[in-house]
Amino acid sequence: HVSRRHSGSKPVLSCELSMPPPPPPLHSSPSSSSNLTDTSYLPVNSKDLRSRQYEKSSKLQDKKTETFWKVFGPGRVEISLQQFKDRLLKWFCTDTRTRRSLSKDDVDKICLTCPQLIKCTRSGRVSKDDFHKWYFAWYKRFRKPFHQIRHYWNSWLILGVSTTRDKVSSVLSGSREGSFVIRTSINHPGCLALGYVDSDRSIVHVKIDYYNAAPGDDEEEDFEEEE
């Protein structure tokens, strides 16, 4: 607001600024005891987010365990190692939606290498809890790339975990420049291992990290098996 006033014989202009009232706070603090437990206005911190993600993941792992285990009948909490291997050979195709399963050598290598299954190999028994721990620690990561590499896996362009680094080097020995072999990694689940012949005829091995690079969830939607 601008007004004119007189100071002696000279008019003087005065200016009065009217400031708008301050905007209300984005989230007002609770004003009564009934609102003291209301934390909906607070942002979700990373710890809470990780906790929710872990809870969701744990529920999915439980569902996967039940899907794998249901063929053994209700109330069954332990099976033989051979039953586990036979079941895994069939279940892998259903779980990853591939036409090609793991080989028996692949399954044997998994049982002998994964820490969660080594004691099962010694005892000859696999419990439901053993399977759950193995799924969460190793298999969940191992299965993730298959929704992207499914076609190449089905076409035998990618080899299984029983194919070792030494075997790849032996196969590529004497091959021409650019020859290569791709295999799934057992020590780095979720990764592929690429071996190729370099320009100087040396054999180079590199790791392709699909687990951290591939987009999407770690899990695909579950579905029922065909009887």
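The values are calculated or read from the model by the stated rules, or taken from the named source; none is laboratory data. Remember, predicted model here, so these are calculated numbers, not experimental data. Backbone-built Cβ (ideal geometry, glycine too); neighbour counts: all protein chains shown. Note: areas computed on protein heavy atoms with side chains; ligands, DNA, RNA excluded. Shrake-Rupley method; radii C 1.70, N 1.55, O 1.52, S 1.80 Å.
For ARG76, indicate whether it is more than 20 Å from TYR135 (Cα to Cα) and modelled with pLDDT of 85 or more. Criteria not met by ARG76.
Against the list (1) modelled with pLDDT of 95 or more; (2) open to solvent by 30 Å² or more (accessible area, probe 1.4 Å); (3) of a type outside the set (Ser, Thr, Tyr), the condition HIS132 fails is (1). For the range 198-212, the count of residues that are in contact with a Gly (Cβ under 7 Å, 6 or more places away or on another chain) and under 24 Å from LEU89 (Cα atoms) is at least one. Can you name the residue in the range 136-187 that is free of Cβ contacts under 8 Å to residues at least 60 places away in the same chain, closer than 24 Å to CYS93 by Cβ and aliphatic (A, V, I, L, M) and is also most open to solvent (accessible area, probe 1.4 Å) among such residues? Checking each candidate, the answer is LEU157.
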